[in-house]
Amino acid sequence: MVFSSLTFLFFVFLPATMIIYYLVPKKLKNVVILISGLIFYAWGEPIYVLAMILSTFIDYTAGRIIAKYDDNPKIRRICLIVSIVMNLGLLGTFKYLGFIIDSFNMWFGWTIPNPNLPLPIGISFFTFQSMSYTIDLYRRNIKVQKSAVNFMAFVTLFPQIVAGPIVRYEDVQNELDDRTISEKLVSDGICRFITGLGKKVLIANNIGALWTQIKAMEYSTLSAGTAWLGILAFTFQIYFDFSGYSDMAIGLGKMMGFNFPENFDYPYLSKSVSEFWRRWHITLGAWFKSYVYIPLGGNRKGAARTIINLLIVWTITGIWHGASWNFMLWGAYFGVLIVLERLFLGKILAKIPAFFSWLYTFIMVVFGWIMFDGVTPGTTDFGEMFSQVFAYIGAMFGANGVAIDNLAINSFVNYGIMFAVCIIGSTDLIKRLSLKIKEKAPSWVLYGYPVVQGGVMLASVAFIATSSYNPFLYFNF
């Protein structure tokens, strides 16, 4: 079940869940969260809810034992190891086993059968979220959650269960036990949800259709104009798709009395790749920093070790996104760029005019998206992977001998307004304009805000009802 579906919005789930949630007494609200989360997750693939329950059981049990034997380092360490191994084992089995088998079969000529296990949606999110609780408890950064219901509610909280933000226990530990649901919080949550729905349905889905069309073509036939329009379409699609989902999740969290961490901060305004990753998927970056980069030594053990640590973290970040060599290449690519900025490039970017720093960053990010989504999914052949990446980049720079063709012209005419909306929407212009209006405009003008929100909601519902193209990109991770 996805947020941008009529089943979720109107047919039973969201209305029924919220009505019951608001009507039951405070002591039963976490029970409603638990049950609704299990139903939400099991809606499309009931059997795989067991993977989430197993992850939750492992970390709840490990947490109770860690707290009970607070003065026994050996037992605490064993529980931590069990938690990490079991969660990574779940993730590895479902997400990476088939890819590993296919890779070894190709490299060594083996014929090991691939089990082709379906990927439980959001497994990368809920395993990381649940595992972080055990790690933080082991570090004594948080207090143990004794209530099994409350802990399961933390993991199964449906707004963020399948695509983030990655909510760590410390983010919501107080609200799990005692939260206040105010009229303002609910109102803010509704507005945030509608904003995210509009970003996802009205912008991401529309601009994404162009990338789907161009991506399906032979790269050797693309004109430079078509290639640029295609990858720019995906650049905006993935931003509005994922940030739209995060907005909806944050909004739903507010409606239930939770304040989830922000996940995006206008990343396409960044003037360095390092800054981009401080603004993009913020909760994932924070997770890897806390649980991988710092434990490896961070930047505390000299320049050489820092470089190695960065490359390790970014390669793992790529692998986290998918079981394919192109994701590893994508992660390593950003790792190399960030290392170069640490060594010397960052100083250059800080000195040159801001426009050129921004342009460099944006182009590097766009090249990264080619590696991310311009390669056939599940590719195990290195040569084929690089061939596809370079074929697309080559097309962007005229390697196919055609600068602009009819497809490029027609695409620009058909999607020009949508590209303009994407450009404006990916900046903080609307946010700054809204603040100025609230500060200086007469009070009656503010009544137009609910009208705009209502219009976005109606337009989104109309689009959902009439369109069959409604993917959520990060559900695959």
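Structure summary
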read-out: Segment 156-194, residues that are closer than 20 Å to residue 13 by Cα and within 19 Å of the chain's Cα centre (by Cα); value: 156, 157, 158, 159, 160, 161, 162, 163, 164, 192, 193, 194
read-out: Residue pairs meeting the criteria (Cβ under 6 Å; at least 6 apart or on separate chains; first outside the structural domain of residue 250 (by TED's automatic domain parsing) and farther than 25 Å from residue 348 by Cα, in segment 272-290; second in a helix (DSSP H, G or I) and of a type in the set (Lys, Arg)); value: none
read-out: Only one of 190, 166 that is of a type in the set (Val, Ile, Thr) and not assigned by TED's automatic domain parsing to the domain that holds residue 410; value: 166
read-out: Pairs where the first residue, in segment 1-22, is closer than 18 Å to residue 465 by Cα and the second is buried (at least 18 other Cβ atoms within 10 Å of the Cβ) and aromatic (Phe, Trp, Tyr), C-beta under 6 Å, 6+ apart; value: 1/8; 1/40; 2/472; 14/8
read-out: Number of positions in segment 159-198 that are in a loop (DSSP other than H, G, I, E, B), at negative phi and not acidic (Asp, Glu); value: 11
read-out: Residue check, residue 332 within 26 Å of residue 385 (Cα to Cα) and either modelled with pLDDT of 95 or more or not assigned by TED's automatic domain parsing to the domain that holds residue 171 (or both); value: yes
read-out: Helices (runs of 4 or more DSSP H) contained entirely in segment 305-377, each with at least 1 residues that are in contact with a Pro (Cβ under 9 Å, 6 or more places away or on another chain); value: 325-340, 354-373
read-out: Residue 233 being out of contact with any helix residue (DSSP H, G or I) (no Cβ under 8 Å at 6 or more places or on another chain) and over 30 Å from residue 30 (Cβ atoms); value: no
read-out: Selected residue (criterion: surrounded by the fewest Cβ atoms within 10 Å (Cβ to Cβ)) from residues of segment 215-230 that are touching a residue at least 60 places away in the same chain (Cβ under 8 Å) and assigned to a loop (DSSP other than H, G, I, E, B); value: 223
read-out: Enumeration of residues in segment 67-124 that are over 30 Å from residue 147 (Cα atoms), surrounded by 15 or more Cβ atoms within 10 Å (Cβ to Cβ) and touching an Asp or Glu at 6+ places or on another chain (Cβ under 9 Å); value: none
read-out: Helices (runs of 4 or more DSSP H) wholly inside segment 1-92 that include at least 3 residues being touching a Gly at 6+ places or on another chain (Cβ under 9 Å); value: none
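Here is a yes/no grid of residues against (1) among the small types (Gly, Ala, Ser); (2) under 21 Å from residue 269 (Cβ atoms); (3) free of Cβ contacts under 8 Å to residues at least 12 places away in the same chain:
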residue: 362; (1), (2), (3): no, yes, no
residue: 366; (1), (2), (3): no, yes, no
residue: 373; (1), (2), (3): no, no, no
residue: 390; (1), (2), (3): no, no, yes
residue: 406; (1), (2), (3): no, no, yes
residue: 450; (1), (2), (3): no, no, yes
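The values are calculated or read from the model by the stated rules, or taken from the named source; none is laboratory data. Treat the numbers as computed from the prediction; the structure is a model and nothing was measured. In this analysis, Cβ positions are derived from the backbone assuming ideal geometry, glycine residues included, and neighbour counts consider all displayed protein chains.
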